[in-house]
Amino acid sequence: MANNGQPSRPAVVKCVFCGTVNRVDLARLSAGPQCGKCGRPIRLDRPLAVTDADFEKTIQGSSVPVLVDFHADWCGPCKMMAPVLDDFARRHAGEVLVLKLDTDANPATPSRFGIRGIPTLIVFEHGREARRHVGAAQLQDLEKLVALKEAASGV
């Protein structure tokens with residue numbers, strides 16, 4: 001159990017400053033998680049970049065759904081969708097881990113998952129692909145894709 005009475009929701013994320021892999025409890029985000037090596041903040045209210053090297057560890061180490069945006073810097077629809085993904089990550093910090101993987105810089109993971117078009121959004125639950133969406137999406141689409149309770153109840 002987390003200190004606030006909620007069950008712990010562990011996730012494994014890489015520090016954007018020093019690259020160290022950290023285990024954080026998403027139930028305690030308000031405590032402001034920090035990197036165990038450099039002490040800088042780990043911000044989970046925005047999409048985090050992942051690479052081929054740390055993708056599997058991050059997906060397998062999360063107890064909450066993980067939404068991965070497979071994108072490329074040159075992709076127009078990817079750029080149009082970026083603010084929506086940022087908003088989604090901010091609204092659902094602690095409920096969903098939002099990741100971005102640059103398909104040009106990291107070709108092995110997209111190949112493994114058969115990514116043919118971008119943006120492609122894949123939701124992973126318990127380390128396995130649960131759902132996928134190809135093309136740009138709006139906030140409501142992301143909430144349905146991740147199957148959040150708010151989306152299901154119409155709130």
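Some points to look at:
- Odd one out for V13, checked against (1) in contact with a Ser or Thr (Cβ under 8 Å, 6 or more places away or on another chain); (2) part of a loop (DSSP other than H, G, I, E, B); (3) closer than 25 Å to F113 by Cα; (4) not hydroxyl-bearing (S, T, Y): (2)
- Failed item in (1) out of contact with any helix residue (DSSP H, G or I) (no Cβ under 6 Å at 6 or more places or on another chain); (2) aliphatic (A, V, I, L, M); (3) under 28 Å from H133 (Cα atoms), with A31 passing the rest: (3)
- A136 being among the hydrophobic types (A, V, I, L, M, F, W, C) and either assigned to a helix (DSSP H, G or I) or farther than 22 Å from D25 by Cα (or both): yes
- Any pair with Cβ under 6 angstrom, 6 or more apart, that starts in the range 137-155 at a residue that is closer than 15 Å to I122 by Cβ and modelled with pLDDT under 90 and ends at one that is loosely packed, with under 11 Cβ neighbours inside 10 Å and of a type outside the set (G, A, S): none
The values are calculated or read from the model by the stated rules, or taken from the named source; none is laboratory data. These figures come from a predicted structure and were not determined experimentally. Reconstructed Cβ throughout: ideal geometry from the backbone, glycine too, with neighbour counts over all protein chains shown.
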